[in-house]
Amino acid sequence: MKQNSKLRHQEEQQATQQQHSEQKTDAKEFSSVDEMLRHDASQTAVPPNVADKLNRSIASEPQPASWLKRLVNNLKVK
Amino acid sequence: MELSLAEAVQPETTARPMNWESPEFGAIYEEHSQAIFYLALRMLGNPAQAEDAAHDVFLKAFRAMKEFRGESNLRTWLYRITINHCRNLAQTWHQRNIFSNADESVWETSTHSESPLRVLEIKELGERIQKTLDGLPEEYRLLLLLVADEKLSYEEIGVLTEQTADAVRGKLHRARKAFQQQFPKTA
């Protein structure tokens, strides 16, 4: 019984340590506001919906162009 | 004749108008859409609205492209459309006007040291940045977002925000301080 309790305690400690190490892996330090914002911008992807919706909007314009259709098709292939 | 990507994204040097059928617009979208979406996202603070805004900005640019003659940097031109569009949206929705008339001196009395900005969970970074920016005056928010784009010079930021490059430098100093003061409070 006592051994079981000790084992559980060890497991809990291990789990906490693992959690801390995972947090450390995620942690990042920025030396400036600019650097932080640049990182944030680089991690922000444009939703594919934008190109898709733009393609539809341009298709309904008086002189539709083919460039965006190709772009959207390329994005879909990727 | 089709232009190469490098030629397409440098209309300020080629200084010639583009037309509706131009394949260059595809390259322009690929080159600038991330920057435009990011600016809209952080100005509006809402991903769905930013998505609509990015679409509207590029549609406006597409319609006006034939009038673009390369007097200014293309990215600056796109940013101008984005800033005006987002400001109009914010006014329409009566968003973010709480701090718009705030006394700037409030942000100049920071007692915090300029310590490095540390985040434990990188996935929470965007949320915390948004909260911090939302708490700043609109002018500071915009300056910080524009200067984060390394492709823009202080002069170009000055043109976009209608002030001199020196004024941009001065305000940026205060904006960075205000951000550093606010950021720890979002944890």
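Bear in mind that the values in this text are calculations on the coordinates, not laboratory data. Keep in mind the model is a prediction, meaning the values are calculated, not measured. Virtual Cβ from ideal backbone geometry, glycine too; neighbours counted across all protein chains shown.
Details
- Each of B:H32, B:H85 has some number of other Cβ atoms within 10 Å of its Cβ, and from fewest to most they run B:H85, B:H32.
- Shielding by partners for peptide A:45-57, expressed as the average number of C-beta atoms from other protein chains within 10 Å of each residue's C-beta, is 6.
- Other protein chain C-beta atoms within 10 Å of residue C-beta, averaged over B:138-145: 1.
- Taking every residue in B:171-182 and counting other chain Cβ atoms within 10 Å of its Cβ, the average works out to 1.
- Among B:166-172, B:74-80, the order from most to least packed when residues are scored by Cβ within 10 Å on average: B:74-80, B:166-172
- Contour excess over end-to-end distance, with Cα ends at B:T92 and B:A165 and 0.36 nm allotted per residue: 23.3 nm
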